Amino acid sequence: MTATTDNIQLKERVRQFWQEHPCGTKFADAPPGSRHFYELVEEHRYSKEWHIPVAADFASTKGLRVLEIGCGLGTDGAQFAQAGADYTGIDLTDAAIELARKRFELFNLSGTFQTDDAERLSFPNDSFDLVYSHGVLHHTPDINAAIAEIHRVLRPGGRAKVMLYHRNSYNYRVNISMLRRGGVHLLRWKGGVKLVQMLTGEPEDSLRNHARQLKADSSYLSSEQFLSQNTDGAGNPLARVYSRKEARELFKNFKKVSVKTFFLNKRWIPMVGSILPRSIESRLASRWGWHLWVYAEK
């Protein structure tokens, strides 16, 4: 089996996972596609990840042609559209595209949506002023191809803003690699799900999904599989993490590249996480944040 065939099969598994679990839907206790549903999703996103409007700088995009790779439910896309951008959103799944279109219709926003593959974009060269992608490209099998496509569709002087998961973060080095890896063995025991739920506050249905994966998949505890399944949910087939150096290397063909980290994920800091002032949270996140933002100019 060739690497290309492997990637095609892996990408199909990625597509199926996100088709069944559109990103963000679990944060809204309302009928998907309803106005209240989108309001709850937006409220959760910008209260938990309050740095996004600053990091993305939606307000500066008036009049720009913006492409979002992995538009999800259209939450960030709506911010671009409200700021006056000429917005296009793509996603690998039909489920996301349908929900994003519905959001724009309900809120009377202007934008274009289509199902597309980040590794083979269906746009001409030099099409966009800004390409934005938040928490998406670490899920695609050939990230180098996706970044080459971003470079291709950007006009000269155009900018990319891409968020990847950060290898040297508290979330990866401590939460995933130590706390979750140690605690997952409790799920093997009778009553383990209830105990972990009590200790962590993790939803019981999520923990039961992890327990099933642990029992059914012999590779669950491998480094790659454990990372993938402990970022965006049990069953997630692919997630990767990148250091600052690795991120710069990915964008080496761009003229200017800078990186910043945000989002401490305080929920997984024992004892003091819930009471950390935002000022301290920001300082810690600038070094150990889970979200590694890459800013690159073509």
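Quick note: the coordinates plus some simple rules give every number you see, no bench work behind them. On a predicted model such as this, the values are computed, not experimentally measured, just so you know. FYI the Cβ positions are ideal-geometry reconstructions off the backbone, even for glycines, and counts take in every protein chain you see.
What nm distance separates the two modelled labels at K245 and W189, each placed 7 Å from Cα along Cα→Cβ? Going by the 7 Å Cα→Cβ label model, 4.0 nm. A protection proxy built from the mean count of other Cβ atoms within 10 Å ranks the segments 10-17, 249-256, most packed first, as 10-17, 249-256.
Using 0.36 nm per residue and subtracting the Cα-Cα separation, the extra length available between A148 and S282 on full extension is 45.1 nm. Hey, how many Å between the Cα centroid of the stretch 46-61 and the Cα centroid of the stretch 247-282? After rounding, the separation between the Cα centres reads 14 Å. Considering only alpha-carbon pairs that sit under 8 angstrom and 6 or more positions apart, the relative contact order computed for the chain is 16 percent. Farthest toward the dipole's positive end in the stretch 170-229, which of N171, H210, M198, given Cβ charges of +1 (Lys, Arg) and -1 (Asp, Glu) about the Cα centre? With unit charges placed on the Cβ atoms, the residue in question is M198. Contact order for the stretch 170-229, expressed relative to its length and based on alpha carbon pairs under 8 Å spaced 6+ residues apart, stands at 26 percent.
Spin-label model, H44/F27: points 7 Å from Cα along the beta carbon direction are separated by 0.7 nm.
Using θ = phi - 60° in the Karplus curve 6.51 cos²θ - 1.76 cosθ + 1.60, the 3J(HN,Hα) couplings for the stretch 120-132 round to 8, 5, 9, 10, x, 4, 6, 8, 10, 7, 9, 10, 10 Hz; x is entered for Gly and Pro. Can you compute the FRET efficiency between E204 and M178 using 1/(1 + (r/R0)^6), with r the Cβ-Cβ distance and R0 = 30 Å? Round to the nearest 0.05. Taking R0 as 30 Å, the efficiency between E204 and M178 is 0.85.
Using unit Cβ charges (K, R positive; D, E negative) and no other charged atoms, how large, in debye to the nearest 20, is the dipole of the chain about its Cα centre?
Roughly 1180 debye for the chain.
Computed from Cα atoms alone, the Kirkwood hydrodynamic radius reported for the chain is 20.0 Å. Which lysines, if any, have their Cα less than 30 Å from the Cα of K266, not counting same-chain residues under 8 positions apart? Reachable lysines: K26, K48, K161, K190, K194, K215, K245.
Count the DSSP beta bridges whose two residues both fall in the chain, then state the antiparallel fraction as a percent rounded to the nearest 5. Looking only at bridges with both residues in the chain, the antiparallel portion is about 45 percent.
Amide H contacts of E202: none lie under 5 Å away among residues 5 or more positions distant or on a separate chain (H built 1.01 Å from N in the peptide plane; Pro and chain starts excluded).
Each DSSP beta bridge with both residues in the stretch 1-158 is either parallel or antiparallel, and the antiparallel ones are about 5%.
Counting Lys and Arg as +1 and Asp and Glu as -1, each charge on the Cβ, what is the dipole of the stretch 170-229 about the Cα centre in debye, to the nearest 20?
For the stretch 170-229, the charge dipole is close to 200 debye.
Amide H contacts of D117 (H built 1.01 Å from N, in plane; Pro and chain starts excluded): S122 sit under 5 Å, all sequence-distant by 5 or more or on other chains.
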